[in-house]
1. Only residues that are among the small types (Gly, Ala, Ser) and free of Cβ contacts under 8 Å to residues at least 12 places away in the same chain: list them for the range 16-59, please.
2. Scan the range 8-42 for residues that are outside any strand (DSSP E or B) and more than 12 Å from PHE70 (Cβ to Cβ) and report the count.
3. State all residues of the range 43-71 that are in a helix (DSSP H, G or I), among the aliphatic types (A, V, I, L, M) and either in contact with a helix residue (DSSP H, G or I) (Cβ under 8 Å, 6 or more places away or on another chain) or within 18 Å of PRO103 (Cβ to Cβ) (or both); if no residue qualifies, say none.
4. Condition first: under 11 Å from the mean Cα position of the chain (by Cα) and of a type in the set (Lys, Arg). Can you find one or more residues in the range 15-26 that meet it?
5. Would you check which residues across the range 52-84 are at pLDDT below 90 and out of contact with any Ser or Thr (no Cβ under 6 Å at 6 or more places or on another chain) and list them?
6. Would you confirm whether or not the range 9-22 contains a residue that is farther than 17 Å from THR92 by Cβ, hydrophobic (A, V, I, L, M, F, W, C) and loosely packed, with under 14 Cβ neighbours inside 10 Å?
7. Would you point out the residue of the range 85-108, among those that are among the charged types (D, E, K, R) and assigned to a loop (DSSP other than H, G, I, E, B), that is modelled with the lowest pLDDT?
8. Considering (1) at pLDDT below 90; (2) of a type outside the set (Val, Ile, Thr); (3) assigned to a helix (DSSP H, G or I), say which one SER111 fails and leave the rest.
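The values are calculated or read from the model by the stated rules, or taken from the named source; none is laboratory data. These figures come from a predicted structure and were not determined experimentally. Positions of Cβ are generated from backbone atoms using ideal geometry, with glycine treated the same way; all protein chains shown enter the neighbour counts.
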Amino acid sequence: MTMIKLGQIAHARSGDKGDGSNVGLIAYTDAGYRVIHEAVTVERVKRHFSQICFGEVERYEVPNLRALNFLLHDSLGGGGSESVKTDAQGKTHGQALLLMEIPLPDGLSLSELIA
């Protein structure tokens, strides 16, 4: 099974929402959206951020933008003005999600998933 990093088929944006971070994952293509929709689950995101996300993870689907949006509750140590974390606004969480590896589905080539 071939593994790929999300950063090969999508880009991300992130920021703070109080004591949680908001991470948007946007696929480059329709085929890429179908792959991330299937592979990037709440459970996988929670596991990926297990060292920093101590609360619930919520997932919202935005198919018209080929995007998934994740809220990582209790991941910022109190939020921007209270936290002593280096990244108190969660700006690096999008980049961190792009490092997640997922399987490349059988029958698809990487070139079909990028713009």
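1. SER50
2. Just the residues of the range 8-42 that are outside any strand (DSSP E or B), to begin with: 8-9, 18-19, 28-42.
From what is left, the residues that are more than 12 Å from PHE70 (Cβ to Cβ) are 8-9, 18-19, 28-35, 37-39.
Looking only at that region, the number is 15.
3. First pass over the range 43-71, keeping only residues in a helix (DSSP H, G or I): 43-48, 63-65.
After this cut, where a residue has to be among the aliphatic types (A, V, I, L, M) as well, the list is 45, 65.
Passing the criteria: only VAL45.
4. Going residue by residue through the range 15-26, those that are under 11 Å from the mean Cα position of the chain (by Cα) are 21-26.
When the remaining residues are screened for being of a type in the set (Lys, Arg), the result is none.
Checked the range 15-26: no residue is under 11 Å from the mean Cα position of the chain (by Cα) and of a type in the set (Lys, Arg).
5. Listed by number, the residues that qualify are ASP74, GLY78, GLY79, GLY80, SER81, GLU82, SER83, VAL84.
6. Residues of the range 9-22 farther than 17 Å from THR92 by Cβ: 9, 18.
Okay, now just the ones that are also hydrophobic (A, V, I, L, M, F, W, C), so 9.
Now drop any that are not loosely packed, with under 14 Cβ neighbours inside 10 Å, which leaves none.
For the range 9-22, residues farther than 17 Å from THR92 by Cβ, hydrophobic (A, V, I, L, M, F, W, C) and loosely packed, with under 14 Cβ neighbours inside 10 Å: absent.
7. From the range 85-108, those among the charged types (D, E, K, R) are 85, 87, 91, 101, 106; that's our starting set.
Among the residues that remain, those that are also assigned to a loop (DSSP other than H, G, I, E, B) are: 85, 87, 91, 106.
Numbers: LYS85: 43, ASP87: 46, LYS91: 64, ASP106: 92.
Per the criteria, the residue is LYS85.
8. (1)
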